[in-house]
Amino acid sequence: MKKYVTIVLLSACAWAHAAPTQPDYAAMENLLKERGLMSAIGSRLSQAKNNVSERASALVTSAMGLLGVPYQYGGNDAETGLDCSGLVRLVYEETVGKILPRRAADQAAVTDTIDRSELKPGDLVFFNTMRRAFSHVGIYVGEGKFIHAPRTGAQVRIEDMRTSYWNTRFNGARRVPMTGSSAEISAR
């Protein structure tokens, strides 16, 4: 008898906790329209898209302004020269106020992983050029190209990451989070 009561109670509980019905999206949309919130939401989304686009454009423009700066191992300054991570760090700090770590591998560690197919101008691209992951970094500028400080004796320049050399050494793509403080990013 006790087992029978337990089974009946469990059955009743299962019936009472049935899956909820799907939300009525049309009703929610109508409510938002009636309250005048649909246009406000659309306006905010449009504004957010513009901000992201403007930020990416500013990052790429800032990086392009450094074309021709000589490579300097450990370099952090356009006057004395830049290395790959110094270039990225300088562009992000001066353009959007984000302070990234000094080394390429550390920059990879504090940024968000994205798929290569998701790359947008301003994202970071990493390469294995010294037999270790994330030993080189550049800023994606679009159309398969990136800007970077390549090596001693060279200058900051744009290259196509689809060429055999860069394609075989590609290590991953990352996006710098734009929310939170710079201290949060460098401590991540």
Check your understanding: Which trypsin sites (Lys or Arg not before Pro) does region 77-130 hold that lie in a coil by DSSP with at most 15 other beta carbons within 10 Å?
Key -> Arg102
Check your understanding: If amide H atoms are built 1.01 Å from N in the plane of the peptide, which residues on other chains or at least 5 residues away come under 5 Å of the amide H of Gly172?
Key -> Phe126
Study note, to complete from the structure: Restricting to Cα pairs under 8 Å and 6 or more apart, the percent relative contact order of region 52-131 works out to 26 percent
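Every number in this text was worked out from the coordinates using simple rules, so none of it is lab data. The model shown is predicted, which means the values in this text are computed figures rather than measured ones. Positions of Cβ are backbone-derived with ideal geometry, glycine not excepted, and every protein chain shown enters the neighbour counts.
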